[in-house]
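These notes concern the structure reproduced below.
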Amino acid sequence: MRFIADLHIHSKYSRATSKEMNPENLSYWAQIKGIKVMGTGDFTHPEWFRELSEKLSIDNNGLYRLSTEPPPVPESCQGEVFFVPTAEISCIYSKGGKTRKIHLVVIMPTLEDAGALNTRLSRIGNITADGRPILGLDAMLLLRMVLEITDRALVIPAHAWTPHFSIFGAFSGFDSLEECFEDLTPEIYAIETGLSSDPPMNWRLSALDNITLVSNSDAHSPAKIGREANIFDTALTYDTMVSSIKTGKGFEGTIEFFPEEGKYHYDGHRLCNIWMSPEETRRHNYKCPVCGKGLTVGVMHRVANLADRQNGFKPDRAKPFRSLIPLQEIISEALKTGVNTKRVQQMYMKIITELGPEFGVLMESPLSDIEKVAGGLVAEGIRRMREGKVNIRPGFDGEYGQIRIFEEVERTEIKGQALLF
């Protein structure tokens, strides 16, 4: 069975997240997007764990179903949604004479196993303050702790390249998986590419050839789920999903941001509105040309520093991927109005009501059908996205990149052509 899964999100109990991040809204938006399996996120938080325990029940396939009712979904998008217990944990500790700040995604087979981990983590630090707890715990020791509870669990380094909180981060990470996880490195089967990198960037490291590259949204609001996701072609069970990630069999690839749109793709200094390519950063000796302070070294630069292959290399085991732009953003640019405006939301609901879930529209729907429902500009925007013909000012130092599909002169010409027909 072919399906899409988003395994790394956050709940309403995480810092800077929407109060709408509850199981019912996650189920609703998963159907709207076309996602079959959702990570719960934040199972370490006691209040969220209690809510999950009350509202989810385990199915025969080892995944969880919602036992309450989500908001009504258009008939064209209705489908089953399953959940799997997941959490992100921030490990801050000293190793090798440096302070390390590593975020890890933990996937557990059952809420009972998640509860057992929570009990052990509560003895180490405060897991009540935030949905993503910060613990003074070595990442390798966390991995060992998880595996002592169940060998059916999975630990995945989160957003592996972001500068400040990742396994390969420029400021607090490591240069290899082995440095971090030591003799337990064989138990790391996957890393998360993150919004600022994509598979081709990771293919430049031969050390990752046997590592599955997964992608997840890290969403903080319901409408953002699925902005990155994974495609499986397996039986719809917990164990086959985990096995697919471990072996690559049945793992069909990922849905990605255009990496330039991520918050840390380029080097830069947000306060001075300065962004640079790695070559420019080296020419400026890693200093901001405006204020003289150090630049935040981005993902592209960090990948280049660790790479042992040229850009463009593709390993034999490489999985396919699709770079997408959220449908609401395409509509927003086509209509030349804000993403959150009533016009965009109405057009979005019209499209998914008539054509089905968002992922199907973005990847599969015939452009002629999209044009009939949404007009020539939206159809043309999706065509360009599918062909990678977009313009992006890269993100840097915590600022998202700015993506553009149309220029004003093109907008006028396309609109005029639509009127002719």
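The helices (runs of 4 or more DSSP H) falling completely within the range 233-315 that include 1 or more residues that are not assigned by TED's automatic domain parsing to the domain that holds Leu147 map to 278-283, 299-306.
Let's see how each residue does on (1) of a type outside the set (Asp, Glu); (2) assigned to a helix (DSSP H, G or I); (3) modelled with pLDDT under 95:
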| residue | (1), (2), (3) |
| --- | --- |
| Met347 | yes, yes, no |
| Leu362 | yes, yes, no |
| Ser365 | yes, no, no |
| Ala379 | yes, yes, no |
| Arg411 | yes, yes, yes |
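In the range 95-117 there is at least one residue matching the filter, namely being among the acidic types (Asp, Glu), closer than 18 Å to Leu7 by Cα and buried (at least 16 other Cβ atoms within 10 Å of the Cβ).
Within the range 154-187, which residues are closer than 17 Å to Pro85 by Cβ, touching a residue at least 60 places away in the same chain (Cβ under 8 Å) and touching a helix residue (DSSP H, G or I) at 6+ places or on another chain (Cβ under 7 Å)? The one that is closer than 17 Å to Pro85 by Cβ, touching a residue at least 60 places away in the same chain (Cβ under 8 Å) and touching a helix residue (DSSP H, G or I) at 6+ places or on another chain (Cβ under 7 Å): Leu154.
With respect to the stated conditions, Gly125 is touching a Leu at 6+ places or on another chain (Cβ under 9 Å), assigned to a loop (DSSP other than H, G, I, E, B), on the phi < 0 side of the Ramachandran plot and of a type outside the set (A, V, I, L, M, F, W, C). Among the residues of the range 75-92, at least one is in the same structural domain as Lys224 (by TED's automatic domain parsing), assigned to a strand (DSSP E or B), hydroxyl-bearing (Ser, Thr, Tyr) and more than 21 Å from Thr150 (Cβ to Cβ). Note on the range 203-246: residues that are β-branched (Val, Ile, Thr), farther than 22 Å from Arg302 by Cα and in contact (Cβ under 8 Å) with a residue 24 or more places away in the chain total 6. Phe171 fulfils the conditions (1) modelled with pLDDT under 95; (2) outside any loop (DSSP other than H, G, I, E, B); (3) of a type outside the set (Asp, Glu) except for a single criterion, (2).
For the range 270-308, the candidate set comprises residues that are within 19 Å of Ile191 (Cβ to Cβ) and of a type in the set (D, E, K, R); within that set, the residue that is surrounded by the most Cβ atoms within 10 Å (Cβ to Cβ) is Arg302. Counting residues in the range 71-94 that are modelled with pLDDT of 95 or more, among the β-branched types (Val, Ile, Thr), within 23 Å of the chain's Cα centre (by Cα) and more than 24 Å from His159 (Cα to Cα) gives one or more.
The values are calculated or read from the model by the stated rules, or taken from the named source; none is laboratory data. Predicted model, so just to flag it, every value in this text is computed and none were measured. Every residue, glycine as well, gets a Cβ built from its backbone with ideal geometry; the counts of neighbours run over all protein chains shown.
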